[in-house]
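Taking it in order: structure first as C-alpha cells, then the write-up.
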Amino acid sequence: MPKSSFSYRLIKLLLGLFIYGIGVAMMVKAGIGVAPWDVFAQGISKQTGISFGQSTIVVSALVLLLWIPLRVKPGLGSVLNAILIGVFADLAMPYIPDFDSYLARLAMLLGGMVVVSFATGLYISCGMGKGPRDGLNVGIAQRFKLPFWQARTGIEILVVLVGFLLGGQAREGTLIFALLIGYLNQISLRFFGLADKNGRV
C-alpha cells in the first residue's frame, strides 16, 4: 500500500488515535492529576454522570464549534479525533490496572505521557487535519495576534480552573504534564520527520 494513499493515511490516523486513547486512559487511571483539558472533561463527567470518554467527546465537539468564528477549517482527522479518542479511552480504561504505590502511579502517568506524545506525532504525520484543541490554539493565536504559547497557556489555565471547580483532578500530574508534554511532543515530531533538530515544525 503506497504511503501517500488515502487508505494508508487513514490507517495511520486511526492507529494514532487508538494509541492516544490508551495514553489518556493511563494518565487518568494513575490518579495523580491529568492534562488540563482532561481536568475539564473529568469535571463535566462528575457533574453530568456521563463517562470520561463521553465527556471528552462533548468537550471536543464544543471546541470544534469554536473553530467556526475563528475560521479554522477542520479535516477528517479533526472530526475523527474529536470522536474516537474518547471512545478509545473508555474502551481501554477497564484493562489498565490500579496501583496503590505512588511511584507506580507516577510511572504510569509518565508512561501515558510518552504514549500520548508518540500518538500525536503518528496522527499528525497523516496530514488529515489538526486535533480540536490544537486548532483552537492556532485560531486564537491568529485571531488575536498572540504567540502560540501565550494562546495555549491562557486557554489551558482557563480550562484547568473551570475543570477543577467542576470537580476535575488538578494535581501534581497536571503540572508535570504541562512542563514535559511540549518536549515529549517535540521528540515525537522529530521521530516522524515533522520537525528539525531545533524543534522547528
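The values are calculated or read from the model by the stated rules, or taken from the named source; none is laboratory data. A quick note: this is a predicted structure, and the numbers were derived from the prediction, not measured. Neighbour counts run over all protein chains shown; Cβ positions are idealised from the backbone, glycine included. Side chains included, ligands, DNA and RNA excluded: accessible areas come from the protein's heavy atoms. Shrake-Rupley method; radii C 1.70, N 1.55, O 1.52, S 1.80 Å.
For the reader, a short list of remarks on this structure follows.
- Pair residue 73, residue 106: separation of 7 Å Cα→Cβ label points (nm): 4.7
- Region 1-59-region 74-133 distance, computed between alpha-carbon centres (Å): 5
- Its relative contact order, with pairs defined as Cα atoms under 8 Å and 6+ residues apart, puts region 43-107 at 39 percent.
- Protein heavy-atom surface of the chain, 1.4 angstrom probe: 69% of the accessible area is carbon and sulfur, with nucleic acids and ligands not counted.
- Solvent-accessible heavy-atom area per residue, rounded to whole Å², over the chain at 1.4 Å: 52
- Applying 1/(1 + (r/R0)^6) with r as the Cβ-Cβ distance of residue 181 and residue 143 and R0 = 22 angstrom yields a FRET efficiency of 0.40.
- Using alpha carbons only: equivalent-ellipsoid semi-axes of region 43-94, gyration tensor based, whole Å: 23, 14, 5
- Ranked by the mean number of other Cβ atoms within 10 Å per residue, highest first, peptides 75-84, 176-185, 129-138 order as 129-138, 75-84, 176-185.
- Put simply, the C-alpha atoms of the chain give a gyration tensor, and the ellipsoid matching it has half-axes of 24, 20, 18 Å, longest first.
- Cα principal axis extents for region 1-85, largest first, Å: 45, 34, 19
- Membrane-span-like helices of the chain, defined as complete DSSP H segments with a Cα extent of 20 Å or more along the helix axis and a mean Kyte hydropathy of at least -1.0, are identified as 6-30, 52-70, 76-92, 102-124, 148-165, 172-191.
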